[in-house]
Amino acid sequence: MPKTALSKRAQNTPPSPIRKLAPLAINAGKAGIHVYKLNIGQPDIESPREYFEGLRLFEEKVIAYEESQGNERLCRAWSKYINRTLNIDTRPEQFIITVGASEALVFTFMTCCDPGDEIIVFDPTYANYLGFAAIAGINLVPVLCRMEDNFALPVRSRIADKISDRTRAVLLCTPNNPTGTVCSKEELRILFDLCEERNLFLIVDETYREFVYDDFEPISALNLEPKSDRIIVIDSLSKRFSLCGARIGCLLTPNEEVLASALKIAQARLAAPTMSQFASAYMLENIKDDFLERVTNEFRARRNKLYAALKEIPGVIAHKPQGAFYTVVQLPVEDADAFATYMLDKFSYDGKTTFIAPAAGFYMQGSQGLQQARIAYVLNKNDIGEAIAVMAKGLESYSRR
Ligand SMILES: Cc1ncc(COP(=O)(O)O)c(C=O)c1O
């Protein structure tokens, strides 16, 4: 009997480019090699003790479903946190609590687009956007950001050129994964004005909002136009508070119609996890601002260490990321995927090797980024120094093959 066919959607959903080489890393580990993991955005920062305290304070005898919109106390605490840190005036009713930013993105795509509609994204892009688009049956239309320009947003006309009669939204991630580039308020304003003129939603993924360095201050798209019906903010506790496994994110918008429609989708999936919402509310109510100051300072120091180390390696072109905890570098190799594979499969120095993510998987346009890799600076400074030194040895050895 022939096999029962699977959906085109399932077949078209791309595998995660950062997990692709993971089996090789597991094998290297089994062979006794220490693998420095710079491939994935899993920070090593300890989660706030206030989250664990919150978990211990959960005293219900039944772990019941939460409200589909989210735990009321959490919506209030998150709204207060945003209002205090960004000096805006959000209201708890403008939040839908989701299973991470990931679910908020799926809800947003489903709410704003019909199958076949288009969303403009900036390339290279957070690779899971492709998966969310496949789930929602929509097409992402890439606008290229170039390494020579530090991956800054292209000029307005290059973005406007991509708008078609199927375009429903522009999706921006700032601070950016994978490039670490941060949008200025002026650039955000240009995008907002374009969306206003062409009647599009502006979806801004602010998962890394507080992780900005040098002269940047954390801002939200809602700082531009706090009451705009056009703006949908995607937010998450995952990276900011090192709570990736807590699975708490939100969709935040002043647009009541979007909220009402997204809520219907939220109702269909019932609710985000009860205990995690309870603990997150307690954490946001009790955490001190110095937690984030400390973490941001730590990432800044790691960024500086990484950038200095990369600049020392002959042939490597590094740009200095302004935010998040990623950078994309150009390596002196023809094919960064083959080099990343070599590092895990064939190379070790002093019993160690380094795991980087080939950047081609983050580009939607086929031939881009073949010589580039994304590096996540999620290890402590010492380990970053060691990992980059091992990568430099790997590059030497690779060029001699
Ligand atoms: C840009 C961006 N958006 C969203 C997510 C998903 O975050 P969450 O853990 O909140 O689902 C990530 C995770 O790496 C990310 O980098």
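The values are calculated or read from the model by the stated rules, or taken from the named source; none is laboratory data. Everything quoted here is computed from the prediction, not taken from an experiment. So basically every Cβ, Gly included, is an ideal-geometry build from the backbone, and we count neighbours across all protein chains shown.
Here are a few things to note about the model shown:
- Residue, surrounded by the fewest Cβ atoms within 10 Å (Cβ to Cβ), within region 95-121, restricted to residues that are in contact with a Cys (Cβ under 9 Å, 6 or more places away or on another chain) and farther than 15 Å from Arg168 by Cα: Gly100
- When each of Ser228, Ser238, Ser242 is tested for being closer than 20 Å to Asn83 by Cα, within 15 Å of the ligand (Cβ to nearest atom) and surrounded by fewer than 23 Cβ atoms within 10 Å (Cβ to Cβ), the lone residue that passes is Ser238.
- Single condition Leu251 does not satisfy, out of (1) in a helix (DSSP H, G or I); (2) touching a strand residue (DSSP E or B) at 6+ places or on another chain (Cβ under 8 Å); (3) buried (at least 23 other Cβ atoms within 10 Å of the Cβ): (1)
- The lone exception for Cys75 - which of (1) more than 29 Å from Pro17 (Cα to Cα); (2) within 16 Å of the ligand (Cβ to nearest atom); (3) in contact with a strand residue (DSSP E or B) (Cβ under 6 Å, 6 or more places away or on another chain) it fails: (2)
- Elements of the type helices (runs of 4 or more DSSP H) sitting completely within region 256-342 and holding at least 3 residues that are touching an Asp or Glu at 6+ places or on another chain (Cβ under 6 Å): these cover 274-286.
- Of all residues in region 135-149, those that are within 16 Å of the ligand (Cβ to nearest atom) and within 18 Å of Pro14 (Cα to Cα) total 4.
- On the stretch given as region 269-321, residues that are touching a Leu at 6+ places or on another chain (Cβ under 9 Å), surrounded by fewer than 17 Cβ atoms within 10 Å (Cβ to Cβ) and outside the structural domain of Glu334 (by TED's automatic domain parsing) total 1.
- Taken over region 143-156, the criterion of being touching a residue at least 60 places away in the same chain (Cβ under 8 Å) and either buried (at least 18 other Cβ atoms within 10 Å of the Cβ) or acidic (Asp, Glu) (or both) is satisfied by Met147, Phe151.
- Looking only at region 11-43, and only at residues there that are assigned to a loop (DSSP other than H, G, I, E, B) and basic (Lys, Arg), the one that is nearest to the ligand (Cβ to nearest atom): Arg19
- Highlighted here are the helices (runs of 4 or more DSSP H) found entirely within region 89-184 that include at least 2 residues which are at pLDDT below 95 and closer than 30 Å to Val329 by Cα: 128-136.
- Residue check, Ala169 small (Gly, Ala, Ser) and under 24 Å from Leu370 (Cβ atoms): no
- When restricted to residues that are touching a Leu at 6+ places or on another chain (Cβ under 7 Å), in a loop (DSSP other than H, G, I, E, B) and within 15 Å of Lys37 (Cα to Cα), region 345-377 contains 2.
- Restricting region 254-268 to residues that are aliphatic (A, V, I, L, M) and surrounded by fewer than 16 Cβ atoms within 10 Å (Cβ to Cβ), the residue that is nearest to the ligand (Cβ to nearest atom) is Ala268.
- For region 47-68, the set of residues classified as assigned to a loop (DSSP other than H, G, I, E, B) and surrounded by fewer than 20 Cβ atoms within 10 Å (Cβ to Cβ) consists of Ser47, Leu57, Phe58, Glu59, Glu60, Lys61, Val62, Ile63, Ala64, Tyr65, Glu67, Ser68, listed by residue number.
- Filter result for Val121 (more than 16 Å from the ligand (Cβ to nearest atom) and farther than 22 Å from Trp78 by Cβ): no
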